[in-house]
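This report concerns only the one structure given below.
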Amino acid sequence: MWTAAECLTCLVTIAYEILHTSTSDPYLHLRGMKKTYEILKEFTIGDLPTEIANKIYRMIINLTQNQDPFKEIKKQSNTLAKVAIDRIQEHVLASQDPCKRLCNALSAAVAGNVIDFGTAGHSIELNMDYFEQMYHQITTEGFAIDHSARLFEALSKAKEICYLADNAGEIYFDWFLLNEIKSRGVKTIFVVKGAPISNDATLEDVNDPIFQEVATKIITTGTNALGVSLSEISQELRDYLQNVDFILAKGQSNFETLFYYHKEFTKKPIYFIFRTKCTCIATFIGQTIGKNIVLQKKL
């Protein structure tokens, strides 16, 4: 496990930021922080931070009666990202080498993973220049853990995969990878959250023909839990996770939940795609903050 005492500091910071995003009422800020500390009293070294974060998010939703505090941020992220991908499209699709083109699509997907408002200490600029620069930076840096060749081979044999989305805005950068998968004749089940949590993508965020073009089917997790919650996901998603050829999982929350509970969810391989933003997770996989990851996990 990568859980450490510093996770408590991260969770407190996240709670403080969510409270201020949810309401301007200082009395609710204070009540929310007190309730956060009560939740954290139960934290143990064996707990997943995502599970504790879910409790904090839901407590704040109930306290402030703000069901989607990140709604405007998500809209802004989607609007800017949709324009930004037009800027990088020529570069992503330029190569005639299918392996190189897949790596470019993976770089775009990792670039989108910086659009994260739920990780303490991580900040981004919501502007198109930043997104474009991040993509080119990642193509230059490459992947610190690079299992892209394994993914390329797996796609050549696959018939259907499950793609677990992460954040609003980020989903537009996933389009290139979804398109590459479709071009190989592979069906994709594209999965978003069942209800708002943090700036994670929901059905409202994928209500754009651009996603229907590349995804065979769009479903939800059936819940607003971060990552993939073993106890809360829908039976529909559970069936897909068990029956597709493999799973692509975007972001650190999906990494946290699926890496730890892999065998409880599925016996299929999982490819994790993200940029390290958490010291504990980065250290766990032998990396540092700001590294680009394409990691295959087998049982």
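Quick grid of which residues meet (1) at pLDDT below 95; (2) in a loop (DSSP other than H, G, I, E, B); (3) under 17 Å from residue 78 (Cα atoms); (4) of a type outside the set (Asp, Glu):
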residue: 185; (1), (2), (3), (4): no, yes, no, yes
residue: 197; (1), (2), (3), (4): no, yes, yes, yes
residue: 204; (1), (2), (3), (4): no, yes, yes, no
residue: 215; (1), (2), (3), (4): no, yes, no, yes
residue: 218; (1), (2), (3), (4): no, no, no, yes
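Take residue 19 and decide whether it is assigned to a helix (DSSP H, G or I), of a type in the set (A, V, I, L, M) and in the same structural domain as residue 175 (by TED's automatic domain parsing).
no
Name the residues in region 287-297 that are assigned to a loop (DSSP other than H, G, I, E, B) and either in contact (Cβ under 8 Å) with a residue 60 or more places away in the chain or outside the structural domain of residue 199 (by TED's automatic domain parsing) (or both), would you? Give the steps one after another, and end with the answer.
Taking region 287-297 first, the residues assigned to a loop (DSSP other than H, G, I, E, B) are 287-291.
Answer for region 287-297, where residues must be assigned to a loop (DSSP other than H, G, I, E, B) and either in contact (Cβ under 8 Å) with a residue 60 or more places away in the chain or outside the structural domain of residue 199 (by TED's automatic domain parsing) (or both): 287, 291.
Anything in region 207-228 that is farther than 21 Å from residue 176 by Cα and touching a Gly at 6+ places or on another chain (Cβ under 9 Å)? List them, or say none.
221, 222, 223, 224, 225, 226, 227
Testing residue 189 on (1) surrounded by fewer than 24 Cβ atoms within 10 Å (Cβ to Cβ); (2) in a helix (DSSP H, G or I); (3) modelled with pLDDT of 95 or more, one condition comes back false. Which one is that?
Evaluating residue 189 over (1) surrounded by fewer than 24 Cβ atoms within 10 Å (Cβ to Cβ); (2) in a helix (DSSP H, G or I); (3) modelled with pLDDT of 95 or more leaves (2) as the failure.
Given the options 106, 126, 80, name the one that is touching a residue at least 24 places away in the same chain (Cβ under 8 Å), touching a helix residue (DSSP H, G or I) at 6+ places or on another chain (Cβ under 8 Å), in a loop (DSSP other than H, G, I, E, B) and of a type outside the set (Ser, Thr, Tyr). Steps first, please.
Numbers: 106 fails: in a loop (DSSP other than H, G, I, E, B); 80 fails: in a loop (DSSP other than H, G, I, E, B).
Selected residue: 126, the only one of 106, 126, 80 that is touching a residue at least 24 places away in the same chain (Cβ under 8 Å), touching a helix residue (DSSP H, G or I) at 6+ places or on another chain (Cβ under 8 Å), in a loop (DSSP other than H, G, I, E, B) and of a type outside the set (Ser, Thr, Tyr).
Of all residues in region 31-49, how many are surrounded by fewer than 20 Cβ atoms within 10 Å (Cβ to Cβ) and either of a type in the set (Ser, Thr, Tyr) or touching a Leu at 6+ places or on another chain (Cβ under 9 Å) (or both)?
Start the filter on region 31-49 by keeping residues that are surrounded by fewer than 20 Cβ atoms within 10 Å (Cβ to Cβ), which leaves 31, 33-35, 37-47.
Imposing the further condition that a residue be either of a type in the set (Ser, Thr, Tyr) or touching a Leu at 6+ places or on another chain (Cβ under 9 Å) (or both) reduces the set to 31, 33, 35, 37, 39-40, 43-44.
Final tally of qualifying residues: 8.
Restricting to region 240-266, what's the tally of residues that are of a type outside the set (A, V, I, L, M, F, W, C), within 11 Å of the chain's Cα centre (by Cα) and not in a helix (DSSP H, G or I)? Before the answer, list the steps.
Just the residues of region 240-266 that are of a type outside the set (A, V, I, L, M, F, W, C), to begin with: 240, 242-243, 245, 250-254, 256-257, 260-264, 266.
Checking the rest, the ones that are also within 11 Å of the chain's Cα centre (by Cα) come to 250-254, 256.
The next check asks that each one be not in a helix (DSSP H, G or I); those that pass are 250-251.
The total comes to 2.
Being outside any loop (DSSP other than H, G, I, E, B) and within 22 Å of residue 197 (Cα to Cα) is the filter here; which residues of region 225-239 pass it?
Answer for region 225-239, where residues must be outside any loop (DSSP other than H, G, I, E, B) and within 22 Å of residue 197 (Cα to Cα): 235, 236, 237, 238.
Among the numbered criteria (1) surrounded by fewer than 19 Cβ atoms within 10 Å (Cβ to Cβ); (2) outside the structural domain of residue 171 (by TED's automatic domain parsing); (3) at pLDDT below 95; (4) not hydrophobic (A, V, I, L, M, F, W, C), which one does residue 24 miss?
(3)
Are there any pairs with C-beta distances below 6 angstrom linking a residue in region 158-172 that is under 17 Å from residue 75 (Cβ atoms) to a residue that is among the polar types (S, T, N, Q), with the two at least 6 apart or on different chains, and if so which?
Here the result reads 167/199; 168/77; 168/78; 168/199; 169/77; 169/78; 170/113, each pair linking region 158-172 to a residue that is among the polar types (S, T, N, Q).
Filtering region 152-174 down to residues that are within 19 Å of residue 243 (Cβ to Cβ) and not in a loop (DSSP other than H, G, I, E, B), which residue is farthest from the chain's Cα centre (by Cα)?
Across region 152-174, the extreme among qualifying residues is 157.
The values are calculated or read from the model by the stated rules, or taken from the named source; none is laboratory data. Since this is a predicted model, take the numbers as computed values, not measurements. Virtual Cβ from ideal backbone geometry, glycine too; neighbours counted across all protein chains shown.
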